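The numbers here are math on the coordinates, done by the rules we state, and not lab data. Quantities reported herein were computed from a predicted structural model and do not represent experimental measurements. Every residue, glycine as well, gets a Cβ built from its backbone with ideal geometry; the counts of neighbours run over all protein chains shown.
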């Protein structure tokens with residue numbers, strides 16, 4: 001019987017098998033964010049809470065990276081709690097945010113906690129705020145130590161004071177016996193010189209005394225005395241520190257006793273007014289405060305504004321977008337508009353598109369900040385990726401970045417009076433030269449002595465950091481700004497600073513488009529007819545891209561280093577894949593023995609890869625100094641080099657892929673703070689997600705298993721180093 005022909009997979013599966021190997025980095029990012037959700041569930045203690053937090057966190061992340069977010073538009077229905085509250089309380093128009101604060105505090109402390117604290121205060125009316133401040137911080141520590149041991153340690157300290165020991169002498173005694181359960185004869189003699197009774201103690205008594213003295217060492221004598229004062233006060237009140245009342249005192253102190261008492265009274269008033277959602281009432285009062293502050297409401301009281309229909313009229317006539325944190329964006333007279341522009345509290349533009357009861361917002365400043373943060377990561381990622389292509393692991397990009405930056409800062413300060421068209425190139429060239437030297441040294445050592453580039457570059461990172469530290473902190477000053485209160489170089493000359501997009505005319509963008517068109521045309525074999533379409537499209541895209549970057553340049557911080565990113569990315573890509581030298585470098589990275597057999601100079605290619613990589617990292621440092629920082633301080637770029645290794649790994653050492661990889665990395669760092677504020681999660685979560693992305697890219701077998709991706713061929717495997 002003839003064997004059956006192999007079964008052909010269906011068309012969608014064939015398409016997935018062809019496409020999926022290229023999607024591994026994207027799938028790694030997606031999977032890392034999925035894995036972040038269970039971490040949030042653990043921190044919140046529930047599935048629902050974790051999912052809620054993840055939604056807020058990732059929404060903030062998208063806003064921080066792209067400047068895109070969807071927020072609710074205020075309507076008259078948003079004042080339901082205020083209407084209930086206004087039925088029994090006259091709400092003044094003055095200080096509505098101040099009025100909202102104690103109401104929101106009810107929600108922050110928690111209604112159940114407030115009832116618990118109220119019960120405690122009713123049963124112990126003599127419990128003062130001073131008592132709570134004394135007892136509260138000590139509850140957990142006394143429970144850990146034990147009441148009897150705290151009492152005994154306090155009694156011993158009082159005994160030492162009674163026999164005339166000063167506080168300094170007590171500190172000397174506790175330091176002498178610190179963390180010791182027994183003493184040598186010499187130590188015992190020294191201790192007895194301060195506390196003679198120790199010389200007469202038997203072994204069990206001496207051991208117990210040392211234990212009590214050690215408590216004073218661990219917690220300080222002052223703290224032990226405070227613990228005992230708190231216990232004495234609890235005895236007077238008749239409260240057991242290990243009881244629920246002791247825990248209530250601790251929790252009340254943690255929430256500030258005075259504010260707790262105020263919140264209890266506020267809760268009573270809210271309950272009397274039938275308010276069921278204090279947090280919502282606080283938000284509504286803040287929103288009303290914004291309307292009054294912008295002159296949209298004029299009634300003497302909120303009660304009058306609601307009853308007269310003034311609030312409803314203002315809501316219908318204006319566009320009021322409710323932002324997280326109780327802030328608002330207000331478009332006066334834009335109530336019926338579909339799209340337009342608003343201005344935030346920092347007088348920066350925000351563009352909106354109405355989506356029924358919500359508004360899709362675009363915040364240019366956020367995207368601009370992401371692009372600005374991405375510039376050094378992209379360039380250094382290309383530098384590290386170039387080393388990967390040559391089979392060397394350039395882990396010294398951080399040192400090369402710092403050396404390029406300090407060289408650029410020196411030229412930026414030392415050259416005075418030069419025009420910007422001369423000074424700026426000098427600064428950038430200085431950065432390139434500084435990084436090239438610092439990258440070339442480990443390249444030479446590897447090529448001609450066999451030294452490990454990993455070890456050498458790590459050590460040179462430390463040398464660079466300490467060398468710059470010495471240059472800036474040295475007295476008499478070498479590169480230190482004598483007028484500055486912190487160690488730093490002087491601010492570079494204005495002529496050395498990179499021009500920003502705000503200072504560029506449309507003619508510059510036309511020139512950029514023509515250059516892109518020309519280079520694209522030169523890269524093609526045919527240059528007539530339909531072959532002109534692709535270069536023309538690229539030229540138009542370059543022009544539109546320049547206009548867009550100028551449009552989002554809020555405030556005017558985006559500099560021409562943005563252009564240099566594309567010069568570096570496409571320049572290195574052309575070098576690697578369009579030149580003989582680049583071909584040789586890649587062959588050396590794949591197989592050094594084969595390269596030697598083919599007559600290629602392995603040593604020269606290793607030095608070339610390390611030197612060019614160092615030059616690019618130095619250029620990144622120069623761009624940061626000339627375009628963003630304007631002065632150098634010690635360890636200014638700590639962590640940049642190692643983050644850029646991650647960027648190179650994520651881009652799988654492809655120069656063009658560094659664009660989106662560096663953008664993602666800069667965006668994650670740019671949005672981390674916003675995510676922390678909005679979702680109340682640790683900023684370390686972003687680092688965890690970054691680490692998981694790299695883990696899934698490096699150990700791509702996980703992604704291949706999860707998404708049924710076929711194995712890559714040997715010639716397409718990701719090679720990072722070649723010994």
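Table for the structure above
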{"quantity": "Extended-chain gain in nm, criterion 0.36 nm per residue less alpha-carbon gap, residue 37 and residue 451", "calculated": "144.7 nm"}
{"quantity": "Relative contact order for the chain, counting Cα pairs under 8 Å that sit 6 or more residues apart, in percent", "calculated": "22 percent"}
{"quantity": "Gain on full stretching of the segment that runs from residue 77 to residue 265 - 0.36 nm per residue minus C-alpha separation", "calculated": "64.9 nm"}
{"quantity": "Projected area, mean over directions - the range 98-271, Cα convex hull, nm²", "calculated": "12.0 nm²"}
{"quantity": "The range 463-584: Rg to Rh, with Rh as the Kirkwood radius over Cα pairs", "calculated": "1.16"}
{"quantity": "Within the range 283-302: backbone nitrogen closer than 20 Å to the residue 317 label point (7 Å, Cα to C-beta)", "calculated": "287-302"}
{"quantity": "Inter-site label distance for residue 707 and residue 87 at 7 Å from Cα along Cβ, in nm", "calculated": "5.6 nm"}
{"quantity": "Alpha-carbon centroid distance for the pair the range 336-373 / the range 128-177, whole angstrom", "calculated": "58 Å"}
{"quantity": "Burial ranking of peptide ranges 267-276, 431-440 (average Cβ count within 10 Å, highest at the top)", "calculated": "431-440, 267-276"}
{"quantity": "Rg to Rh quotient for the range 23-175, alpha carbon positions, Kirkwood Rh", "calculated": "1.17"}
{"quantity": "Cα-based helix-to-principal-axis angle, 167-176 vs the chain, degrees rounded to 10", "calculated": "60 degrees"}
{"quantity": "Per-pair calculated FRET efficiency, R0 = 35 Å: residue 514 and residue 51 via Cβ, rounded to 0.05", "calculated": "0.10"}
{"quantity": "FRET E, pair residue 200, residue 220, Förster distance 25 Å, beta-carbon r, rounded to 0.05", "calculated": "0.35"}
{"quantity": "Rel. contact order, % - alpha carbon contacts under 8 angstrom, at least six apart, the range 300-404", "calculated": "12 percent"}
{"quantity": "Helix-only [θ]222 nm of the chain, DSSP H runs n ≥ 4, -39500 (n - 2.57) each, per residue, nearest 500", "calculated": "-21000 deg cm²/dmol"}
{"quantity": "By average C-beta atoms within 10 angstrom, highest first, the peptides 388-399, 513-524, 459-470", "calculated": "388-399, 459-470, 513-524"}
{"quantity": "Theoretical gain in end-to-end length, residue 276 to residue 467 [0.36 nm per residue, Cα-Cα removed]", "calculated": "62.5 nm"}
{"quantity": "Equivalent ellipsoid semi-axes - Cα gyration tensor, the range 627-684, angstrom", "calculated": "22, 19, 11"}
{"quantity": "Nearest 10 degrees, 0 to 90: helix 364-389 Cα axis against the chain principal axis", "calculated": "60 degrees"}
{"quantity": "Relative packing of peptides 624-636, 369-381 - highest average C-beta neighbours within 10 Å first", "calculated": "369-381, 624-636"}
{"quantity": "Helix 561-578 vs. the chain, principal-axis angle (Cα, 0 to 90°, nearest 10)", "calculated": "50 degrees"}
{"quantity": "Kirkwood hydrodynamic radius of the chain, from inverse mean 1/r over distinct Cα pairs, in Å", "calculated": "31.7 Å"}
